[in-house]
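Chemist: Shown below is the structure under consideration.
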Amino acid sequence: MNIFKGLSALPEFRNSVITIGSYDGVHQGHLKILKHIQQLAEANDGVDVVITFHPHPREIVYPKDADLQILTSLDEKLEYFRRAGVSNVVVVPFTIEFSQQSAQEYIEKFLVSRFHPKYIVIGYDHRFGVNRAGNVHLLQLYGADHGYEVVQIEEEELKNITISSTKIRLALQENNIELANSLLGHPYMIKGQVVTGNRLGHHIGYPTANVQVADLKKLLPKDGIFAATATLGGIEYRGMLYIGLRPSIESAQEKRVEIHLFDFDRQIYDQDITVEIYKFIRGDRKFPTMEALKAAMAEDELAVRKYFKGSLPAMANVATVILNYNGKHYLERFIPFFNSSRFPNEKIYVVDNASTDASVKWLKSTHPKS
């Protein structure tokens, strides 16, 4: 996946299929749009391009709004785009100047002149330009002059619930993790870095990785214990996640995010970590003694292990076999996706039928272990 941060060094996109938005959460409605632009790009020998913004537009337009909580940091958003197979992502710095463009300038000077779209794919509620004056009808009006078509994706529903970032936030705030994940289409993710803690977990037999969350505006679920996984160095481990103020140990001023990894004994300070939450186990509470806390954690471990045993497949040996003939451009696009698999024991095999497009040479030079 190509990532372009800023507008100064963009390639000359031609015949592009673009979509634009904040994409907070990259939920199932968003995923439908991403799939659609990829299908259109492939059918029209074009390129798919996702245009997103950083920071979140509300941070700039309403700088005093302290209530903003985002579902995905920029890195998390990019991770979801990569998993969805997106080819190109352009991260536009959202500024006051950018927000003051008229809807007409937004179309002509931003979308058309920089991306030369053949198709513009948008969600059902897409608005743009100063005072959000632009809409699908204006895009369609300008499309006749600039040679692009507009495709509008209708709102997605899951179990009769319209999917939206707002509803996902409410589900997370109520610790309805299963609903949030269903609306998202993937487990809720928290990216960060492992930092040094006070090591009290070691003394009671439950060492934890303390996660410094990458974005301070990141929405965290309500305090408690959760079944979660953590990916370190491309390998996924299971464990139990704690979010809260640690009332049994200290009077912390800020929420702590800590995960105890099962059957794991390594020093991982300063490493990047990706936590994904699957199930809420219990709420946070204060215990009178360390022994009571330890006993509760033992019960939590049993509950989390039971959940994973019944809900997720075992860490099996996995083989992915790709049949290829002159598909170098497909290999370039999809090999990184398979290499990002969360199965620690996966092997990728490419079976090539005498390609003449340098597929084998490219594989040997860039992915010699495949």
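The values are calculated or read from the model by the stated rules, or taken from the named source; none is laboratory data. Nothing here was measured: the structure is a model prediction, and the numbers come from that model. Don't worry about glycine lacking a Cβ; one is built from the backbone with ideal geometry, like all the others, and counts go over all protein chains shown.
Chemist: Name the single residue, out of those in the range 72-89 being more than 21 Å from Ser165 (Cα to Cα) and in contact with a helix residue (DSSP H, G or I) (Cβ under 8 Å, 6 or more places away or on another chain), that is surrounded by the fewest Cβ atoms within 10 Å (Cβ to Cβ).
Modeler: Ranking the qualifying residues of the range 72-89, first place goes to Gly85.
Chemist: How many of the residues making up the range 147-188 are of a type in the set (A, V, I, L, M), loosely packed, with under 15 Cβ neighbours inside 10 Å and at pLDDT 95 or above?
Modeler: Matching residues across the range 147-188 total 1.
Chemist: Separate question: Can you tell me which of Lys191, Lys118 is buried (at least 17 other Cβ atoms within 10 Å of the Cβ) and more than 30 Å from Arg14 (Cα to Cα)?
Modeler: Lys191
Chemist: With respect to Thr72, is the statement that it is of a type in the set (Val, Ile, Thr) and either touching a Pro at 6+ places or on another chain (Cβ under 7 Å) or over 26 Å from Lys109 (Cα atoms) (or both) true?
Modeler: When the stated conditions are applied, Thr72 passes them.
Chemist: If you don't mind, another one. Could you tell me which residue of the range 140-163 is farthest from Tyr106 (Cα to Cα), considering only residues that are among the charged types (D, E, K, R) and assigned to a loop (DSSP other than H, G, I, E, B)?
Modeler: Lys159
Chemist: State whether one or more residues within the range 294-312 are modelled with pLDDT under 75, aliphatic (A, V, I, L, M) and out of contact with any Pro (no Cβ under 7 Å at 6 or more places or on another chain).
Modeler: yes
Chemist: Determine, yes or no, whether Arg127 is in contact with a Gly (Cβ under 9 Å, 6 or more places away or on another chain) and without any contact (Cβ under 8 Å) to a residue 24 or more places away in the chain.
Modeler: Here the answer is yes, as Arg127 does meet what is asked.
Chemist: Among Val17, Val49, which is the only one that is β-branched (Val, Ile, Thr), assigned by TED's automatic domain parsing to the domain that holds Asn135, touching a Leu at 6+ places or on another chain (Cβ under 7 Å) and surrounded by 14 or more Cβ atoms within 10 Å (Cβ to Cβ)?
Modeler: One residue alone meets the criteria, Val17.
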